[in-house]
Each structure stands twice: as C-alpha cells, then as structure tokens.
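First the structure, in the form of structure tokens, and then the observations on it.
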Amino acid sequence: MLHASAKLVTSLPSVENWQDFAPLTWIQTGDDEGAAVQPFNPYQFQKDFVKILHRARRIQVLKSRQIGISEVICNYLANRALTEPGFTAVIISKTQKDSQELAKRVRFMVESLKNESLTWLSNSDTRLSWRGRGTLHFLPATGRGGRGIPACSVLFLDEAAFIEGVADIYQGANPSLMKLGRAGKVIVVSTPDMESNWFGEKWTTGLPSDWYDYVERRDFVGLQAMLDEVGREDGWARVALHYSMHPQYGADPDWAENYRKQEKLTKNQWDAEFELKFGSTASAIYPSSLVKTCAKGAFSECGMANRVYSMGVDPNGGGDDYFTAVVLDITSKPNRVAAMYRENNRSSPYSLQKVKDLIDNFLPSEVIVEKNSMGVIIAEALALQSSGTKIELVYMSDPIKNAITDRTLYMMEDNDLIFPDGIIADEHRAFRRDDKGKRNAGGSAHDDTVIALALAAMAAPGSVDLIGFLRAA
C-alpha cells in the first residue's frame with residue numbers, strides 16, 4: 001500500500017523541513033570499522049539540492065565523487081519513510097556490495113535517532129521497514145533488467161551510468177510510478193561515463209553543445225539556469241554538483257592536485273570522477289603525445305646485479321595471436337622495459353622456452369600471467385621449470401583490464417614509465433575504449449604488449465595490490 005491515509009504521531013520533522021531532520025541523525029565518515037561518527041549537518045549546497053530534489057518528479061544528477069550526494073538522498077528517503085505511512089522507495093545500486101553498503105548507512109542513521117519510538121518490521125541488507133511508517137528496498141542491478149522491481153513511490157538509481165540494463169530497470173518501474181502521478185519520483189544519479197550510454201544521452205539531449213564550458217569556468221549558476229531551461233522542455237530536472245561546491249574542497253586551491261596524486265588518478269579518471277566530463281566514443285586510452293614522450297628506452301641484453309625485475313605474460317593458443325612476455329625494471333623510478341619476447345605462429349613449447357630464457361637472464365621477483373585457457377598451462381609449466389620464481393595468475397575481467405591499464409597510463413603521465421619505440425608504442429597508441437566502454441586494440445592492431453606491460457607493472461612499487469585483492473576475494 002502506497003501513501004496510506006493513516007495519521008502518524010511523530011516528533012520527527014517532515015521532509016519539507018529535511019534540513020531539521022538531517023542533524024537528528026548520525027553518519028559514519030569512513031568505510032573502515034571504527035570510522036568517525038558525527039551528526040549529519042548538511043552543507044548549504046546539499047540543502048539547496050534537496051529543495052530541488054523534493055520538487056522534481058524526474059531528476060538527473062551529474063556529480064563529482066566525495067561530495068556525499070548518495071548519502072544525502074538516502075537520508076532524504078529515510079526522512080520520508082519515517083514520516084509518511086505507506087511510503088516505499090527502491091534504491092538500486094551497481095552491485096550487491098554497493099547495495100548492502102547503502103542499507104548499512106541508512107540503518108545507522110535511523111538507529112541513531114533519539115526520542116522516537118520505532119518498531120522494525122524488517123531490518124536486513126535488502127529491506128528496511130517500520131510499523132505504521134514506510135519501507136526502503138535496497139537492490140543490486142546485476143542480472144535484474146526490468147524484472148522484480150517492487151511497486152514504489154520513489155525509484156533511486158545510484159551510479160546509473162555504470163548500471164547494466166539501467167534503461168530496462170527504469171522502464172520496468174515506470175508503470176507503477178505513473179499511476180501515482182505527481183507522487184511518483186525518479187532520481188537518477190551518477191558520475192559520468194560514456195556520453196553514448198543511457199545516462200549520458202539523457203543528460204546531453206537538448207543541452208547546448210557548449211554546456212561544459214560553464215563547468216570549466218566554474219559558472220555553476222549559469223549552468224543551472226541552462227539546465228532549468230532544458231528541464232522545462234522535457235520534464236527532467238537536471239543538477240550538476242561539482243566538488244568545488246563542497247566548502248572543504250573548494251576552499252583549498254591545492255586539494256585537487258594533492259588528492260589526484262594521493263589516489264594516483266589518471267587525467268581521464270580525474271576528469272570523469274571529479275570534473276563532470278563524459279568520455280567520448282571510441283577514445284584512445286593513451287594519448288599519442290604521451291606515448292611519444294615515454295618511447296625513449298632501449299632493451300637490455302641481460303639482467304644486472306642489484307636490479308629488481310618483474311615480468312608480465314600474455315600467452316596465446318597458437319595461430320596469428322601473439323605470445324608476449326615483457327620484463328620491467330622496477331628498481332627505481334622511472335620503471336623501464338628491459339626485455340621482451342613477442343612471436344606468433346609458434347608452438348607453445350617454443351614460446352615457453354623463450355619465456356624461461358628471459359626468467360633465467362633477468363631473475364624477476366614476480367611473473368604475472370594472464371589467466372586464460374593457455375595461461376593456466378603456461379603458469380604451471382613455469383612453476384615447474386623455474387621453481388624459485390613467484391608465479392601469479394590474473395583473470396582479465398573488464399574491471400581488472402581497466403584498472404591495470406589505468407595504472408600504466410598514470411605511470412606514463414607521472415613520467416614513471418619508459419619503453420623502446422616500436423611495437424610497444426604502436427600498440428599503446430592503438431589501444432582504445434569502444435562505444436560500450438570496453439578496452440581493446442583498435443582496428444587490426446593487437447594489444448598483447450599493452451596487457452603484458454600492464455601485468456608486469458602490477459609488481460611495481462606504489463601499485464595497488466590487485467593480486468592480493470584477487471587472492472582474498
């Protein structure tokens with residue numbers, strides 16, 4: 001039942017006075033156990049946003065990371081669920097883990113309330129509900145499509161640009177929302193991804209092509225006026241929330257550069273996660289000018305004493321595909337490609353011997369092999385033939401491929417990676433992101449040296465310990 005007419009006796013402020021409700025709740029300021037907790041005292045830009053949010057039936061929010069907007073929306077929905085009998089909201093996240101995290105945060109907010117008697121009907125990672133009040137559903141998008149969306153007053157799609165099948169989910173919920181008329185609400189929030197996906201197309205449709213100039217000028221008043229004008233035409237309120245609106249970040253002129261270096265974000269990552277910039281279709285991952293700057297190294301004939309090496313291996317199953325191994329000198333910055341084996345149309349035993357020769361010559365501290373059908377066999381054979389060498393397997397899922405190629409891009413931008421000109425440079429120039437966001441070699445090019453080098457770089461000092469993460473997962 002949605003919006004039952006029963007009267008609720010409560011001391012809590014109604015959602016029209018959300019700015020008075022929020023400070024009654026407490027929030028966690030970190031993800032780790034024992035993180036600091038404090039009353040939720042929203043910033044002015046968050047209060048202004050909630051006023052727009054409450055008025056709009058359809059709202060799309062383009063946001064920077066680290067500004068607390070998902071938490072603000074969840075607090076707003078909790079306010080409604082605790083003060084409006086029969087209210088139901090569905091919050092959909094990218095993954096089960098993301099969904100559970102939001103449920104945990106909302107549970108903490110509600111449990112922190114004082115002087116309010118609440119009877120829990122459901123208190124799980126997928127559903128929070130209270131007797132005589134409302135219900136919040138927390139669901140992952142994975143494999144959902146347009147199926148299994150509970151009837152609701154509000155649909156909240158968190159990080160919608162990265163939700164698989166988001167258009168189907170939206171269409172699946174639309175019928176029940178339409179029945180509610182003005183009472184139904186859709187909230188679509190995300191950092192940007194591709195301009196060509198559902199979120200990107202919905203944001204840019206009807207917007208003048210120069211809208212991003214306002215972001216670069218930090219003229220967010222002018223941008224909001226433009227967004228409001230477009231919204232009057234298509235019925236979608238649009239809000240752009242940039243990190244500089246946050247008083248802590250906006251007051252520190254060095255915050256952006258310091259944070260980017262601390263998190264080792266590439267320029268493309270920074271632009272997407274903080275500068276509200278969509279990626280273009282089929283865009284190059286490694287700018288040609290950057291590749292040229294890094295392509296000034298030379299191969300070594302053999303390893304040297306007191307040097308530390310790693311090796312990345314992208315094996316093949318024969319035929320025209322290349323079997324590639326890259327040796328990286330990771331002793332000190334800049335990291336340098338020291339040697340490479342790359343051949344096709346060779347037998348697996350032949351290529352395996354060539355890789356073993358490189359191991360004998362350079363004594364890498366770690367050999368990281370792509371985990372495919374041939375990679376498992378190669379890793380087992382290397383473990384037998386080079387018993388003192390640490391061998392690791394990495395399954396090349398799309399998120400892992402993105403993470404490790406972003407890592408080498410960051411190293412290049414930081415003048416921390418050098419390789420010889422030639423095929424390594426050529427393949428990096430050709431490595432692209434397609435219109436679905438997948439990264440592959442462009443045209444007839446190969447990407448074996450890109451992957452092998454990225455695998456080797458996983459062992460470089462300062463790299464995120466993806467292997468340790470995968471082992472623990």
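Every number here is computed from the coordinates shown, using simple stated rules; none is lab data. Quantities reported herein were computed from a predicted structural model and do not represent experimental measurements. Heads up, the Cβs are rebuilt from the backbone with ideal geometry, glycines too, and the neighbour counts pull from every protein chain shown.
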* **Dipole axis of the stretch 288-472 (+1 Lys, Arg; -1 Asp, Glu on Cβ), positive-most option in N372, V355, H428** => H428
* Structure fact -> About its Cα centre, the stretch 346-473 carries a charge dipole, from +1 on Lys and Arg Cβ atoms and -1 on Asp and Glu Cβ atoms, whose size in debye to the nearest 20 is 360 debye
* Structure fact -> At R0 = 22 Å the Cβ-Cβ FRET efficiency linking L8 and S122, nearest 0.05, sits at 0.75
* Asked: In nm, to one decimal, how far is the R65 label point from the E233 one, both placed 7 Å along Cα→Cβ?
  -> 3.3 nm
* In the stretch 367-444, what trypsin sites (Lys or Arg not before Pro) fall in a loop by DSSP, with at most 11 other Cβ atoms inside 10 Å? -> K436, K438
* Please figure out what share of the DSSP beta bridges in the chain is antiparallel and state it in percent, rounded to the nearest 5. => 45 percent
* Can you tell me the relative contact order of the chain? Whole percent, Cα pairs under 8 Å, sequence separation 6 or more. => 13 percent
* What FRET efficiency do you get for Y350 and S289 if R0 is 35 Å and r is their Cβ-Cβ distance, rounded to the nearest 0.05? -> 0.40
* For volume of the Cα convex hull per residue in Å³, the listed values are [x] 182; [y] 410; [z] 168; which was obtained by calculation from the structure presented? -> [z]
* Structure fact -> Length gained if K104 through Q248 is fully extended, taking 0.36 nm per residue and subtracting the Cα-Cα distance, is 49.3 nm
* Asked: Gain in length, S373 to A183, computed as 0.36 nm per residue apart minus the alpha-carbon separation, to one decimal in nm?
  -> 63.0 nm
* Go through the stretch 255-268 residue by residue and turn each phi into a ³J(HN,Hα) via Karplus (6.51, -1.76, 1.60, θ = phi - 60°); whole Hz please, and just put x for glycine and proline. => 4, 4, 5, 5, 5, 4, 5, 4, 8, 6, 8, 6, 4, 5
* To do: For each pair in K63/K94; K97/K185; K401/K436; K264/K438; K292/K356; K104/K277, compute the distance between the two Cα atoms and list the pairs where it is over 19 Å.
  => K97/K185; K264/K438; K292/K356; K104/K277
* Which FRET efficiency value, to the nearest 0.05, is calculated for K114 and E301 with the Förster distance at 60 angstrom and r the Cβ-Cβ distance? -> 0.25
* To do: For the stretch 15-274, calculate the relative contact order in percent as a whole number, restricting contacts to Cα pairs under 8 Å that are 6 or more residues apart.
  => 22 percent
* Asked: Counting alpha carbon pairs within less than 8 Å and at least 6 residues apart, what relative contact order, in whole percent, applies to the stretch 284-358?
  -> 26 percent
* Structure fact -> Note to self, the chain gives a 222 nm [θ] from helices alone (DSSP H runs n ≥ 4, -39500 (n - 2.57) apiece, / all residues, nearest 500) of -12000 deg cm²/dmol
* DSSP-defined beta bridges in the stretch 15-274 - what % are antiparallel, rounded to 5 -> 25 percent
